[in-house]
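All remarks here apply to the structure that follows.
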Amino acid sequence: MGVDDPKQGGEELHHEPEKVVGPLAMREEEILKFWQEQGIFEKSLAKPSPKGEYVFYDGPPFATGLPHYGHLLQSALKDAVPRYRTMQGYRVARRWGWDCHGLPLENQIEQELKFKTKRDIETYGIEKFNAAARNAVLRYAEDWKTIIPRFGRWIDMDQDYRTMDAPYTESVWWAFKNLFDRKLIYEGYKSMHLCPRCGTTLSNFEVAQGYKDIEDIAVTVKLPLIDEPSTSLLIWTTTAWSLPGNAAAAVKADAKYVKVKVGNEYVIAAKELAPEGEIVGEIEGKKLVGKKYEPPFDYFRDEIHKHKTHVWKVYAADFVTLSEGTGIVHIAPAFGADDLALSQKEKIPTIHHVTDEGKFVATVTDFAGLSVKPKGNPKETDQKIAEALKEKGILFKEEKFKHSYPHCWRCDTPLLNWAANSWFVNVQKVKDKLLTQNAKVHWVPEHVGRGRFNNGLESAPDWAISRSRFWGAPLPVWRHTKTKEIKVVGSVHEMLSMVRRSGNRYFVMRHGQAESNVTRILDSEGREDNHLTEKGRNQVVHSAHELRKEKIDLILTSPILRTKETASIVQRELGLSDAAVMVDERLRERGLGDYNGKSVEEWKASFKNFADEFNPNSQHVEDFVSLRKRMGEFLFEVERRYTNRNILIVTHGDPFWAIRHIAKRTPAHSLMNLREPESYPTTADWEEISFVQFPHNDDYDL
C-alpha cells in the first residue's frame, strides 16, 4: 500500500505485503495450526516435571475492550518466562483470567443507560445495574480468544477465571480476613479526591491525569474574635464553597503576626502578608493559639455543641506557610488532607456540609442542593458564597486566582478534596519488611526496582482499599446495628455458619430405570406408557432399603410417570402415608423441546460437548440457566417452608445434577466449561446434599 508523506514531497513509502508480510503470516498460521492440532501446549503441561510446580502470577486484562499494542510486550514476557521454566523441568500451569470489576465498566454502562449521576443508578436499581455490567463485561472475550493465540502465547483460555465470580471474591475475603486478624486493617477517614458525578473517590494516579488550569476566585474573610471587640483574624481560601464547613483556624507557631488598623476595625495576619494599614501590635503565632472566633457561617452551631471546646478556635500547625494568603489557614476537616490530619490530632469536629454528589446539604439553608463546583462554570458557587460573605460584612477582599485544578479523567468534572470513610491496609506496619523483600528482587532494569519502585515503597501511605460504588467485590465486614460489633469473615463457609438453619436434611434421588432408558428415546413430557422396567423397580427397592436409616419424613416428586412410580415404591418400602408424598411441578424433567421423542444418539450428535447441551440456543430446549433457576426456586422455598424434616426429592438426571451444584454453590460459568459431566447420576442413584440458604442472583449464582 502506498502512503503519501508530505515530508517527502509527496513521495510514496512502499510496503510489499505479498513479499514480506504474507509468507511470514502464513508461516505463523501454520505453526499455530500445528500447535493446536497436536496439542503441543497441553503436552508441555503433561510432560514429567522433576522440579515440581512453578507458580506464575498473571494480572488479568480488563475485558471491556480489544487487545492493543500495550498488551504485546507483556504478553511476550508472560509467554517467555513460563516456557523457559517449563524447559528447566517445572510444570507451569497458565490459566487465563478476566479483570471484570471497577469504575471503567460502571462508566461504560452509565453512558449506555444515559445516566448523569451515581444517584441514577440507585433509582434504576443496583441489582439491575450490576446485571447489565455482568452481561457487558465479556462482550469482547471471543475476540481476545482469537487474538491472544495469534501472538503465539500459550495459555488455557477455556478454563478461565473471572474476578466477578464468587470463588475469586472468596479469595479476596480470605486475604482481607488474614490482614484483619494480624491487625493490619482498620477503618478510618482519609482525604481523597472525590468525583461528585461518579460518586466515588479516585486514586492519586487517577487524579494526576486530570489537572487543568482554571480561573477561580480567592476570598479573604474576617473571623471576629470573641474576646477582642472589633478585631478579626484574616483567613484566605481559594475554595469559598468550603467555608460553611469551617471548624477551626491554624497559625504558624513561630511566625510573627501583626494587628493592623484598617478603617474603624482591626485585623490580624502574618507580618509578611498583612494588609496595608496602621500596625498597632505584634504577637507570636503561639500566643494566638486557643483564641475563639465567630465562624463565617453558623449553620451547624446546634449540631456540634458537644464539641464547643474544640470548634471555632485557633490551633498551631506545621503546614501553615507564609508564601501566600494571610498566614492564617481556614480549616474544613472534611475537605483537605492537612485539615483532616489536624482535626484528628486535636479532636476538631468534621463538618460534612457537602454530599458525595458535590451539593450542599439541607442544613446549609441558603445554598441547599447547589453544586459546589459546577461543571462548565466552577467558580459560579464561590461567587455566590462571596456575595453572602459581603452581605454579612465579613468579606475583606475578593480576587481572581488562576491555578491548576484536578478534574475527573473520565467525565471531566472538577474534583473535591474529600474526607472519605474507608477501610485501610496499615502499610506503615509492614513497610520495613516490604523494603527488605524488594531488595532481594532481581529487577530488570535494576534502577526501576532500586529507584522508582523502592522510593514508592518508602513514601507509601496507608492503602485505602474500599470504594463507595456498586460493581465490585464486597468486603466481608458485618456491623451489628445496635452494638456496632464488627464481624469479619474469610470464606463463604464461615459466612453461612451464621445463617439460621431450618434443621432439614435433603436427599435427592433419580427415578429408576424406565422404558425410555432402555429404548434410548428421549421423554421430557412424560408419556403414559413410559413405566419403570422390572430392573428399575428393583433398583428403587434397593435404594429405598438404603434410605430406611435416614428416617425420611416427606417425599417431594416430579409429576412425570416414572418419577411418581419411583416415589410410590419408596413410600411403600418406608411405610409412609399418602400425605407424606407431594408432587411439585418444578421437579419435572428438563424441557427437551423438538428433541422430545427422538433418540439419545440424535441428541448427542447435535452438540459438540456437554457445555453445548446446556446452552443449545435452538430447538426450544430448556437451557441450563432456566433449569438452574427452576431448581433454585424449589430448594429455597422448601427450606423456608419446612423445619426439622428429612426430605427425599425424586426427580430426573439433569434436575438432580442442577440441585447438587446449587447446593454446592458451583458457579454456572464453571459448569459451562465442563467437557464432560461430573458424577452424573444413574437411575435410582441417591445422595444427601448439604444445603444452606445463600445470597444469590436471579439465576441462583452465589
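The values are calculated or read from the model by the stated rules, or taken from the named source; none is laboratory data. Just so you know, these numbers come straight off a predicted model, no measurement behind them. Don't worry about glycine lacking a Cβ; one is built from the backbone with ideal geometry, like all the others, and counts go over all protein chains shown. With ligands, DNA and RNA removed, areas are computed over all heavy atoms of the protein, side chains included. Shrake-Rupley method; radii C 1.70, N 1.55, O 1.52, S 1.80 Å.
Some notes on this structure:
- Residues that are open to solvent by less than 10 Å² (accessible area, probe 1.4 Å) and of a type in the set (A, V, I, L, M, F, W, C), drawn from segment 538-551: Val540, Ala544, Leu547
- Flag if Phe401 is assigned to a strand (DSSP E or B), over 30 Å from Glu303 (Cα atoms) and not polar (S, T, N, Q): yes
- Between Arg139, Arg119, the distinction of being part of a helix (DSSP H, G or I) and either farther than 26 Å from Lys33 by Cβ or basic (Lys, Arg) (or both) belongs to Arg119 only.
- Subset of segment 495-514 (residues that are of a type outside the set (A, V, I, L, M, F, W, C) and open to solvent by 50 Å² or more (accessible area, probe 1.4 Å)): Ser497, Arg500, Arg501, Arg505
- Selection count, segment 371-403, where residues are in contact with a helix residue (DSSP H, G or I) (Cβ under 8 Å, 6 or more places away or on another chain) and open to solvent by less than 50 Å² (accessible area, probe 1.4 Å): 10
- Segment 218-262 holds strands (runs of 3 or more DSSP E) entirely within its bounds, and those carrying 1 or more residues that are open to solvent by 20 Å² or more (accessible area, probe 1.4 Å), among the charged types (D, E, K, R) and in contact with an Asp or Glu (Cβ under 6 Å, 6 or more places away or on another chain) map to 256-262.
- Here segment 117-152 is the region considered, the condition is being among the basic types (Lys, Arg) and more than 29 Å from Ala76 (Cα to Cα), and the residue that is modelled with the highest pLDDT is Lys128.
- Residue match in segment 332-346 (condition: open to solvent by less than 20 Å² (accessible area, probe 1.4 Å) and part of a loop (DSSP other than H, G, I, E, B)): yes
- Tallying residues that are under 21 Å from Ile560 (Cβ atoms) and not in a helix (DSSP H, G or I) within segment 617-660 yields 11.
- Residue within segment 417-429 that is hydroxyl-bearing (Ser, Thr, Tyr), surrounded by 12 or more Cβ atoms within 10 Å (Cβ to Cβ), at pLDDT below 90 and under 30 Å from Ala240 (Cβ atoms) present: yes
- Of the helices (runs of 4 or more DSSP H) lying entirely inside segment 487-593, those containing at least 1 residues that are modelled with pLDDT of 95 or more are 515-519, 534-547, 561-574.
- Residue in segment 44-52 that is closer than 23 Å to Arg162 by Cβ and open to solvent by less than 40 Å² (accessible area, probe 1.4 Å) present: yes
- Phe300 meets all of the listed conditions (1) in contact with a helix residue (DSSP H, G or I) (Cβ under 7 Å, 6 or more places away or on another chain); (2) modelled with pLDDT under 95; (3) more than 16 Å from Ala419 (Cα to Cα); (4) surrounded by 21 or more Cβ atoms within 10 Å (Cβ to Cβ) but one, namely (1).
- Meets criteria (farther than 26 Å from Gly472 by Cα, part of a loop (DSSP other than H, G, I, E, B) and not basic (Lys, Arg)) for Ser49: yes
- Segment 565-588, residues that are without any contact (Cβ under 8 Å) to a residue 40 or more places away in the chain and surrounded by 14 or more Cβ atoms within 10 Å (Cβ to Cβ): Ser568, Gln571, Glu573, Leu574, Leu576, Ala580, Val581, Val583
- Odd one out for Arg182 among (1) under 20 Å from the mean Cα position of the chain (by Cα); (2) surrounded by fewer than 18 Cβ atoms within 10 Å (Cβ to Cβ); (3) under 24 Å from Gly456 (Cα atoms): (1)
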